[in-house]
Amino acid sequence: MRAHERVFLNGLRWSAAAIILIGVIGAVVGWFTAGAAGMWSAIGGFAAAAVFGLGTQAVAYLTVRRQPVVWVAAVGFSTMIKIILVMVAAALAQGIDSLVKPAFGAVLVLGAVSAVVVDVVVFARGRIPYVEPGATTPGDGVG
């Protein structure tokens, strides 16, 4: 596995862990503050946060071995799709009478923000070399 693949995989793993943790805490808090409706609202916010936070990371990891233009297109397209899906989920959530909006919104926002923070930290600390060790091209004066 190359260095940039490890960075994408680490970002995906850490973001998933953070979103799951926020979802579990949100469900427990939702249960104790608003009963079953609060718990299910937090779980709905968790699902939306997972789509938002993990969608692009998963696509980036799955397409990292492709040509750069394919990777950029896949990441850009998945970003547009996930934003549309989260907007649709939020719009549909407005029509659900039993939805506890603070539980849904808090878990959604905290999960999405945690994924962005994890991305920034993982990529800032990731060690991705500019060149592949041992890679030479004809006429570069090596060998």
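The values are calculated or read from the model by the stated rules, or taken from the named source; none is laboratory data. Computed from a predicted model, the values in this text were never measured in an experiment. Cβ sites come from the backbone with ideal geometry, for glycine too, and all protein chains shown count toward neighbours.
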Quiz item: If you take the residues in region 39-58 that are farther than 17 Å from Ala89 by Cβ and at pLDDT below 95, which one is farthest from the chain's Cα centre (by Cα)?
Solution: Ala58
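Kindly indicate the residue of region 91-143 that is part of a loop (DSSP other than H, G, I, E, B), surrounded by 10 or more Cβ atoms within 10 Å (Cβ to Cβ) and among the aliphatic types (A, V, I, L, M) and also modelled with the lowest pLDDT among those meeting that condition. Write out each step before concluding.
Step one: filter region 91-143 for residues part of a loop (DSSP other than H, G, I, E, B), giving 95-100, 126-143.
Restricting the remaining residues to those that are surrounded by 10 or more Cβ atoms within 10 Å (Cβ to Cβ) gives 96, 98-100, 126, 128, 136.
From what's left, among the aliphatic types (A, V, I, L, M): 96, 99-100, 128.
Numbers: Ile96: 89, Leu99: 91, Val100: 93, Ile128: 71.
Of everything passing the filter in region 91-143, Ile128 is modelled with the lowest pLDDT.
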Quiz item: Would you pick out the residues in region 76-85 that are surrounded by 15 or more Cβ atoms within 10 Å (Cβ to Cβ) and modelled with pLDDT under 90?
Solution: Thr79, Lys82
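Considering only residues that are in a helix (DSSP H, G or I), without any contact (Cβ under 8 Å) to a residue 60 or more places away in the chain and of a type in the set (A, V, I, L, M, F, W, C), which ones fall in region 1-26?
Taking region 1-26 and keeping what is in a helix (DSSP H, G or I), we get 3-26.
Imposing the further condition that a residue be without any contact (Cβ under 8 Å) to a residue 60 or more places away in the chain reduces the set to 8-9, 12-13, 16-17, 20-21, 24-25.
Listed by number, the residues that qualify are Phe8, Leu9, Leu12, Ala16, Ala17, Ile20, Leu21, Val24, Ile25.
Could you tell me whether any residue of region 59-73 is within 13 Å of the chain's Cα centre (by Cα), touching a residue at least 40 places away in the same chain (Cβ under 8 Å) and in a helix (DSSP H, G or I)? Working first, answer last.
In the first step, residues of region 59-73 are kept if they are within 13 Å of the chain's Cα centre (by Cα); the result is 59-61.
When the remaining residues are screened for being touching a residue at least 40 places away in the same chain (Cβ under 8 Å), the result is 60-61.
Applying the additional criterion that residues be in a helix (DSSP H, G or I) yields 60-61.
Yes, that holds for at least one residue.
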Practice problem: Only residues that are closer than 17 Å to Phe46 by Cβ and of a type in the set (Val, Ile, Thr): list them for region 83-108, please. | Solution: Val86, Val88, Ile96, Val100, Val107
Quiz item: Does Val88 satisfy being part of a helix (DSSP H, G or I), modelled with pLDDT of 90 or more and of a type in the set (A, V, I, L, M)?
Solution: no
